[in-house]
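Okay, so here's the structure we're looking at.
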Amino acid sequence: MSKIDRQGILDVLDGYDKEDITIATLGSHSSLHMFQGAKKEGFKTAVVCEKGREVPYQRFDVADEYIIVDKFSDIVNDDVQQELRDMNSIVFPHGSFVAYAGLDNIETIFNVPMFGNRDILRWEAERDLERKLMTESGVRIPQKISDPSKIDGTVMVKFPGARGGRGYFVANSTEEFDEKIEAMLQRKWIEEEDIKEAHIEEYVLGCNYCIHYFYSGLKDEVELLGIDSRYESTIDGLTRVPAKDQLDIGVDPSYVITGNHPVVMRESLLPQVFDIGDRITEGAKGLVPPGFNGPFCMQTLVNDDLEVVVFEMSARSDGGTNTFMNGSAYSYIKFGEPMSMGQRMAREIKNGIKDDRLDDIIT
Ligand code: AMP
(Lines give C-alpha, C1' and ligand atoms only; values in the text may rest on other atoms or scores of the structure.)
Protein backbone atom coordinates (compact mmCIF):
# COMPACT_ATOMS: atom_id res chain seq x y z
CA MET A 1 0.00 0.00 0.00
CA SER A 2 1.32 3.44 -0.81
CA LYS A 3 2.35 5.97 1.78
CA ILE A 4 0.07 8.77 2.89
CA ASP A 5 0.31 11.52 0.33
CA ARG A 6 1.82 14.60 1.94
CA GLN A 7 -0.13 16.90 -0.34
CA GLY A 8 -3.33 15.13 0.74
CA ILE A 9 -2.58 15.91 4.40
CA LEU A 10 -1.76 19.52 3.54
CA ASP A 11 -5.06 19.76 1.66
CA VAL A 12 -6.94 18.49 4.72
CA LEU A 13 -5.08 21.03 6.84
CA ASP A 14 -5.88 23.74 4.32
CA GLY A 15 -9.57 23.00 4.73
CA TYR A 16 -9.41 23.42 8.52
CA ASP A 17 -10.71 26.48 10.32
CA LYS A 18 -7.49 27.54 12.08
CA GLU A 19 -9.53 29.43 14.67
CA ASP A 20 -11.23 26.22 15.68
CA ILE A 21 -8.54 23.52 15.89
CA THR A 22 -9.06 20.46 18.08
CA ILE A 23 -6.16 18.57 19.65
CA ALA A 24 -7.01 14.88 19.59
CA THR A 25 -5.40 11.66 20.67
CA LEU A 26 -6.08 8.20 21.98
CA GLY A 27 -7.09 8.17 25.65
CA SER A 28 -4.09 6.39 27.12
CA HIS A 29 -0.32 6.69 27.81
CA SER A 30 0.54 10.40 28.09
CA SER A 31 -2.72 11.90 26.87
CA LEU A 32 -3.74 13.63 30.12
CA HIS A 33 -1.11 16.37 29.92
CA MET A 34 -1.63 16.63 26.16
CA PHE A 35 -5.30 17.45 26.70
CA GLN A 36 -4.72 19.67 29.70
CA GLY A 37 -1.86 21.46 27.94
CA ALA A 38 -3.93 21.92 24.79
CA LYS A 39 -6.74 23.46 26.82
CA LYS A 40 -4.30 25.79 28.56
CA GLU A 41 -3.18 26.98 25.12
CA GLY A 42 -6.80 27.62 24.16
CA PHE A 43 -7.60 24.56 22.01
CA LYS A 44 -10.58 22.25 22.11
CA THR A 45 -9.72 18.62 22.90
CA ALA A 46 -11.07 15.27 21.74
CA VAL A 47 -10.31 11.89 23.26
CA VAL A 48 -10.66 8.72 21.21
CA CYS A 49 -11.50 6.33 23.99
CA GLU A 50 -12.11 2.63 24.29
CA LYS A 51 -15.54 1.92 25.78
CA GLY A 52 -15.16 1.66 29.56
CA ARG A 53 -11.92 3.65 29.73
CA GLU A 54 -13.50 7.13 29.92
CA VAL A 55 -13.12 7.63 33.66
CA PRO A 56 -9.77 9.50 33.84
CA TYR A 57 -10.82 11.99 31.16
CA GLN A 58 -14.17 12.62 32.85
CA ARG A 59 -12.77 12.86 36.36
CA PHE A 60 -9.91 15.14 35.34
CA ASP A 61 -12.25 16.96 32.97
CA VAL A 62 -9.71 17.38 30.17
CA ALA A 63 -11.71 16.34 27.10
CA ASP A 64 -14.32 18.45 25.34
CA GLU A 65 -15.34 15.69 22.93
CA TYR A 66 -15.46 11.90 23.33
CA ILE A 67 -15.18 9.56 20.37
CA ILE A 68 -16.01 6.23 21.96
CA VAL A 69 -14.73 3.18 20.09
CA ASP A 70 -15.09 -0.57 20.76
CA LYS A 71 -11.36 -0.99 20.70
CA PHE A 72 -8.47 1.46 20.55
CA SER A 73 -7.35 0.24 17.15
CA ASP A 74 -10.63 1.58 15.68
CA ILE A 75 -8.97 5.02 15.66
CA VAL A 76 -7.90 4.24 12.07
CA ASN A 77 -11.46 3.37 10.94
CA ASP A 78 -12.80 5.62 8.21
CA ASP A 79 -15.71 6.93 10.30
CA VAL A 80 -13.43 7.84 13.22
CA GLN A 81 -10.95 9.56 10.89
CA GLN A 82 -13.83 11.50 9.33
CA GLU A 83 -15.09 12.57 12.75
CA LEU A 84 -11.60 13.76 13.64
CA ARG A 85 -11.26 15.74 10.41
CA ASP A 86 -14.74 17.24 10.93
CA MET A 87 -13.48 18.63 14.24
CA ASN A 88 -10.38 20.14 12.56
CA SER A 89 -8.25 17.74 14.54
CA ILE A 90 -4.51 17.62 14.80
CA VAL A 91 -3.50 14.31 16.38
CA PHE A 92 -0.75 14.14 19.00
CA PRO A 93 0.98 10.75 18.75
CA HIS A 94 2.17 8.82 21.82
CA GLY A 95 3.27 5.26 22.57
CA SER A 96 -0.20 3.74 22.83
CA PHE A 97 -1.42 5.57 19.75
CA VAL A 98 1.43 4.03 17.75
CA ALA A 99 0.87 0.57 19.27
CA TYR A 100 -2.89 0.48 18.69
CA ALA A 101 -3.18 2.39 15.42
CA GLY A 102 -0.26 0.37 14.04
CA LEU A 103 2.78 1.70 12.22
CA ASP A 104 1.66 0.45 8.82
CA ASN A 105 -1.72 2.13 9.23
CA ILE A 106 -0.18 5.40 10.39
CA GLU A 107 2.06 5.39 7.33
CA THR A 108 -0.56 4.38 4.78
CA ILE A 109 -4.19 4.97 5.80
CA PHE A 110 -4.35 7.40 8.71
CA ASN A 111 -5.31 10.47 6.77
CA VAL A 112 -5.55 12.94 9.64
CA PRO A 113 -2.94 15.67 10.19
CA MET A 114 -0.49 14.68 12.93
CA PHE A 115 1.98 16.74 14.90
CA GLY A 116 5.44 15.29 14.42
CA ASN A 117 7.04 13.16 11.75
CA ARG A 118 4.99 10.04 11.07
CA ASP A 119 7.90 8.48 9.15
CA ILE A 120 10.29 8.52 12.10
CA LEU A 121 8.09 6.26 14.25
CA ARG A 122 9.40 3.20 12.42
CA TRP A 123 12.97 4.19 13.31
CA GLU A 124 12.12 3.75 16.95
CA ALA A 125 10.34 0.43 16.43
CA GLU A 126 12.99 -1.36 14.38
CA ARG A 127 16.22 -1.94 16.27
CA ASP A 128 18.46 -1.82 13.20
CA LEU A 129 17.05 1.51 12.06
CA GLU A 130 17.33 2.87 15.58
CA ARG A 131 20.98 1.83 15.82
CA LYS A 132 21.68 3.31 12.38
CA LEU A 133 20.22 6.65 13.41
CA MET A 134 22.18 6.71 16.65
CA THR A 135 25.45 5.51 15.14
CA GLU A 136 25.33 7.88 12.20
CA SER A 137 24.47 10.73 14.56
CA GLY A 138 27.53 9.95 16.67
CA VAL A 139 25.63 9.05 19.85
CA ARG A 140 27.29 6.61 22.30
CA ILE A 141 25.26 3.38 22.41
CA PRO A 142 25.95 -0.03 23.99
CA GLN A 143 28.32 -2.13 21.91
CA LYS A 144 26.55 -4.88 19.95
CA ILE A 145 27.73 -8.50 20.25
CA SER A 146 27.17 -10.24 16.94
CA ASP A 147 26.87 -13.83 18.19
CA PRO A 148 26.30 -15.61 21.54
CA SER A 149 29.61 -17.44 21.08
CA LYS A 150 31.37 -14.05 21.29
CA ILE A 151 30.05 -13.16 24.75
CA ASP A 152 32.99 -12.09 26.84
CA GLY A 153 31.79 -9.99 29.78
CA THR A 154 28.36 -8.99 31.04
CA VAL A 155 25.72 -8.57 28.34
CA MET A 156 22.06 -7.63 28.15
CA VAL A 157 19.96 -9.86 25.90
CA LYS A 158 16.78 -8.46 24.34
CA PHE A 159 14.06 -9.77 22.11
CA PRO A 160 11.97 -7.75 19.68
CA GLY A 161 8.23 -7.30 19.87
CA ALA A 162 5.82 -6.10 22.49
CA ARG A 163 7.16 -8.08 25.43
CA GLY A 164 8.87 -4.98 26.81
CA GLY A 165 11.39 -5.70 29.50
CA ARG A 166 9.92 -9.17 30.08
CA GLY A 167 12.08 -10.61 27.35
CA TYR A 168 15.37 -9.30 28.76
CA PHE A 169 18.09 -11.05 30.66
CA VAL A 170 21.67 -10.59 31.75
CA ALA A 171 24.38 -13.16 30.93
CA ASN A 172 28.09 -13.39 31.62
CA SER A 173 29.08 -16.19 29.26
CA THR A 174 27.87 -18.21 26.29
CA GLU A 175 26.92 -21.07 28.65
CA GLU A 176 24.84 -18.77 30.80
CA PHE A 177 23.19 -17.38 27.66
CA ASP A 178 22.18 -20.92 26.64
CA GLU A 179 20.87 -21.76 30.13
CA LYS A 180 18.78 -18.62 30.31
CA ILE A 181 17.38 -19.10 26.84
CA GLU A 182 16.25 -22.56 27.97
CA ALA A 183 14.59 -21.06 31.06
CA MET A 184 12.85 -18.42 28.95
CA LEU A 185 11.50 -21.10 26.63
CA GLN A 186 10.15 -23.03 29.61
CA ARG A 187 8.44 -19.91 31.00
CA LYS A 188 6.99 -19.43 27.49
CA TRP A 189 8.36 -15.87 27.39
CA ILE A 190 9.92 -16.71 24.03
CA GLU A 191 9.33 -19.33 21.34
CA GLU A 192 11.97 -21.44 19.61
CA GLU A 193 11.91 -19.21 16.51
CA ASP A 194 12.65 -16.10 18.62
CA ILE A 195 16.12 -17.32 19.56
CA LYS A 196 17.72 -16.13 16.34
CA GLU A 197 16.19 -12.69 17.00
CA ALA A 198 18.11 -12.27 20.26
CA HIS A 199 19.86 -8.93 20.35
CA ILE A 200 22.97 -9.02 22.54
CA GLU A 201 24.64 -5.85 23.76
CA GLU A 202 27.14 -4.63 26.33
CA TYR A 203 25.60 -4.39 29.80
CA VAL A 204 25.96 -0.78 30.90
CA LEU A 205 26.33 -0.64 34.65
CA GLY A 206 24.92 2.72 35.62
CA CYS A 207 21.92 4.79 36.60
CA ASN A 208 18.89 5.22 34.43
CA TYR A 209 17.88 8.62 33.04
CA CYS A 210 15.23 9.04 30.38
CA ILE A 211 15.71 12.44 28.83
CA HIS A 212 12.69 14.18 27.35
CA TYR A 213 13.52 16.60 24.59
CA PHE A 214 11.37 18.80 22.43
CA TYR A 215 12.61 19.77 19.00
CA SER A 216 10.98 22.92 17.77
CA GLY A 217 10.89 22.87 13.98
CA LEU A 218 9.71 26.48 14.07
CA LYS A 219 12.75 27.66 16.02
CA ASP A 220 15.18 24.91 14.90
CA GLU A 221 16.06 24.35 18.54
CA VAL A 222 16.33 21.34 20.87
CA GLU A 223 14.85 21.97 24.31
CA LEU A 224 15.35 19.88 27.44
CA LEU A 225 11.92 19.49 29.01
CA GLY A 226 12.41 16.92 31.75
CA ILE A 227 14.13 13.74 32.92
CA ASP A 228 12.63 10.67 34.55
CA SER A 229 13.87 7.35 35.80
CA ARG A 230 11.97 4.05 35.69
CA TYR A 231 10.54 1.64 38.22
CA GLU A 232 10.78 -1.80 36.74
CA SER A 233 9.44 -5.11 38.00
CA THR A 234 10.98 -7.31 39.11
CA ILE A 235 14.48 -5.81 39.03
CA ASP A 236 13.63 -2.93 41.38
CA GLY A 237 11.77 -5.27 43.75
CA LEU A 238 14.73 -7.63 43.85
CA THR A 239 17.12 -4.88 44.87
CA ARG A 240 15.05 -4.44 48.04
CA VAL A 241 15.78 -8.01 49.06
CA PRO A 242 19.05 -8.75 50.90
CA ALA A 243 21.66 -10.25 48.56
CA LYS A 244 21.67 -13.72 50.16
CA ASP A 245 17.87 -13.94 49.82
CA GLN A 246 18.04 -12.80 46.19
CA LEU A 247 19.90 -16.01 45.45
CA ASP A 248 17.20 -18.04 47.24
CA ILE A 249 14.47 -16.38 45.20
CA GLY A 250 16.20 -17.86 42.21
CA VAL A 251 14.27 -15.93 39.56
CA ASP A 252 15.98 -14.00 36.81
CA PRO A 253 14.84 -10.41 37.00
CA SER A 254 12.57 -8.91 34.39
CA TYR A 255 12.47 -5.24 33.38
CA VAL A 256 8.75 -4.55 33.03
CA ILE A 257 8.09 -0.86 33.45
CA THR A 258 5.52 -0.10 36.14
CA GLY A 259 6.07 3.60 36.83
CA ASN A 260 8.37 6.59 36.58
CA HIS A 261 9.81 9.16 38.91
CA PRO A 262 11.19 12.60 38.09
CA VAL A 263 14.91 13.13 38.47
CA VAL A 264 17.56 15.72 37.79
CA MET A 265 21.09 15.02 36.63
CA ARG A 266 24.25 16.50 38.04
CA GLU A 267 24.68 19.77 36.26
CA SER A 268 28.05 18.87 34.79
CA LEU A 269 26.31 16.18 32.69
CA LEU A 270 23.99 18.64 30.99
CA PRO A 271 26.46 19.58 28.21
CA GLN A 272 26.39 15.88 27.16
CA VAL A 273 22.60 15.90 27.36
CA PHE A 274 22.33 18.84 24.97
CA ASP A 275 25.04 17.39 22.73
CA ILE A 276 23.08 14.12 22.38
CA GLY A 277 19.87 16.02 21.58
CA ASP A 278 21.61 18.20 18.99
CA ARG A 279 23.41 15.29 17.34
CA ILE A 280 20.38 13.05 17.04
CA THR A 281 18.17 15.80 15.64
CA GLU A 282 20.82 16.70 13.06
CA GLY A 283 21.25 13.02 12.14
CA ALA A 284 17.51 12.50 11.82
CA LYS A 285 17.10 15.48 9.50
CA GLY A 286 19.27 13.74 6.93
CA LEU A 287 18.07 10.17 7.41
CA VAL A 288 14.33 10.65 7.80
CA PRO A 289 13.27 14.17 6.85
CA PRO A 290 12.08 16.41 8.38
CA GLY A 291 13.71 14.58 11.31
CA PHE A 292 12.39 14.85 14.84
CA ASN A 293 9.56 17.22 15.24
CA GLY A 294 8.19 17.80 18.71
CA PRO A 295 8.80 15.39 21.59
CA PHE A 296 11.34 12.61 21.69
CA CYS A 297 13.13 10.73 24.43
CA MET A 298 16.59 9.26 24.83
CA GLN A 299 16.69 6.45 27.37
CA THR A 300 20.14 6.39 28.89
CA LEU A 301 22.37 4.83 31.49
CA VAL A 302 25.12 6.92 33.04
CA ASN A 303 28.17 4.92 34.08
CA ASP A 304 30.85 5.86 36.60
CA ASP A 305 33.01 7.33 33.86
CA LEU A 306 30.10 9.78 33.60
CA GLU A 307 29.34 8.71 30.06
CA VAL A 308 25.70 9.06 29.01
CA VAL A 309 24.98 5.88 27.03
CA VAL A 310 21.76 5.75 25.01
CA PHE A 311 20.17 2.30 24.93
CA GLU A 312 16.76 3.17 23.48
CA MET A 313 14.76 6.06 22.12
CA SER A 314 11.16 7.16 21.69
CA ALA A 315 10.47 9.21 18.58
CA ARG A 316 7.30 10.72 20.11
CA SER A 317 5.98 11.61 23.53
CA ASP A 318 7.33 9.01 25.97
CA GLY A 319 5.39 7.78 29.01
CA GLY A 320 7.96 9.35 31.33
CA THR A 321 6.62 12.80 30.37
CA ASN A 322 3.85 12.04 32.89
CA THR A 323 6.35 12.86 35.64
CA PHE A 324 6.18 16.54 34.75
CA MET A 325 2.54 17.29 34.07
CA ASN A 326 3.05 20.37 36.22
CA GLY A 327 6.43 21.18 34.69
CA SER A 328 9.91 19.92 35.53
CA ALA A 329 12.95 21.62 36.97
CA TYR A 330 14.21 22.05 33.40
CA SER A 331 11.01 23.18 31.72
CA TYR A 332 10.62 25.73 34.49
CA ILE A 333 14.13 27.06 33.89
CA LYS A 334 13.43 27.29 30.17
CA PHE A 335 9.96 28.78 30.25
CA GLY A 336 9.59 30.35 33.70
CA GLU A 337 6.22 28.63 33.99
CA PRO A 338 5.19 25.02 34.73
CA MET A 339 5.35 23.64 31.18
CA SER A 340 4.31 20.03 30.52
CA MET A 341 5.25 18.23 27.31
CA GLY A 342 1.61 18.37 26.22
CA GLN A 343 1.44 22.11 26.70
CA ARG A 344 4.74 22.56 24.85
CA MET A 345 3.30 20.61 21.91
CA ALA A 346 0.14 22.70 21.92
CA ARG A 347 2.18 25.89 22.08
CA GLU A 348 4.11 24.84 18.99
CA ILE A 349 0.81 24.34 17.17
CA LYS A 350 -0.37 27.73 18.38
CA ASN A 351 2.85 29.37 17.17
CA GLY A 352 2.58 27.49 13.88
CA ILE A 353 -0.90 28.90 13.36
CA LYS A 354 0.19 32.40 14.36
CA ASP A 355 3.17 32.35 11.97
CA ASP A 356 1.22 30.55 9.25
CA ARG A 357 3.78 27.71 9.38
CA LEU A 358 1.63 24.72 10.36
CA ASP A 359 2.75 22.99 7.15
CA ASP A 360 6.29 22.81 8.54
CA ILE A 361 5.34 20.82 11.64
CA ILE A 362 2.48 18.60 10.44
CA THR A 363 2.79 15.33 8.56
P1 AMP B 1 13.97 -0.91 27.41
O2 AMP B 1 12.83 -1.87 27.23
O3 AMP B 1 14.90 -0.88 26.27
O4 AMP B 1 13.47 0.44 27.85
O5 AMP B 1 14.85 -1.47 28.62
C6 AMP B 1 14.30 -1.87 29.84
C7 AMP B 1 15.34 -1.79 30.92
O8 AMP B 1 16.40 -2.70 30.67
C9 AMP B 1 16.01 -0.45 31.05
O10 AMP B 1 15.28 0.51 31.74
C11 AMP B 1 17.28 -0.80 31.77
O12 AMP B 1 17.02 -0.97 33.16
C13 AMP B 1 17.62 -2.15 31.19
N14 AMP B 1 18.59 -2.09 30.08
C15 AMP B 1 18.32 -2.01 28.75
N16 AMP B 1 19.46 -2.03 28.02
C17 AMP B 1 20.47 -2.14 28.90
C18 AMP B 1 21.91 -2.24 28.78
N19 AMP B 1 22.52 -2.23 27.59
N20 AMP B 1 22.62 -2.34 29.92
C21 AMP B 1 22.03 -2.36 31.13
N22 AMP B 1 20.71 -2.30 31.31
C23 AMP B 1 19.93 -2.18 30.22
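Data table
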quantity	calculated
Max mean-square fluctuation residue, GNM over the chain, Cα-Cα springs under 10 Å, options 46, 346, 329	329
Using a Förster distance of 22 Å, the FRET efficiency for residue 187-residue 70 (Cβ separation, nearest 0.05)	0.10
R0 of 56 Å, Cβ-Cβ distance residue 154-residue 19: FRET efficiency to nearest 0.05	0.45
The range 103-142, Cα convex hull volume normalised per residue, Å³	70
Translational diffusion coefficient (Stokes-Einstein; Kirkwood radius from C-alpha pairs) of the range 1-115 at 20 °C, 1.002 mPa s, in µm²/s	152
Solvent exposure ordering (accessible area, 1.4 Å, most first) of 158, 44, 354	354, 44, 158
Distance (nanometres) between label positions extended 7 Å along Cα→Cβ at residue 219 and residue 231	3.3
Cβ-derived FRET efficiency at R0 35 Å, residue 207 paired with residue 175, nearest 0.05	0.75
Residue-span extension gain [residue 11 to residue 197] - 0.36 nm each, minus C-alpha spacing	62.8 nm
P(r) weight above 22 Å for the range 209-302, C-alpha pairs, percent	45
Dimensionless Rg/Rh of the range 240-354 - Kirkwood Rh, Rg from C-alpha atoms	1.05
Under 17 Å from the residue 132 label point (7 Å along Cα→beta-carbon), backbone N, the range 143-159	none
Where the range 231-294 is the region considered: accessible area per residue in Å², 1.4 Å probe	58
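The values are calculated or read from the model by the stated rules, or taken from the named source; none is laboratory data. Not measured: the values here are computed from a predicted model. Virtual Cβ from ideal backbone geometry, glycine too; neighbours counted across all protein chains shown. Ligands, DNA and RNA are stripped out before the accessible areas are found, and what is left, the full protein with its side chains, is counted by its heavy atoms. Shrake-Rupley method; radii C 1.70, N 1.55, O 1.52, S 1.80 Å.
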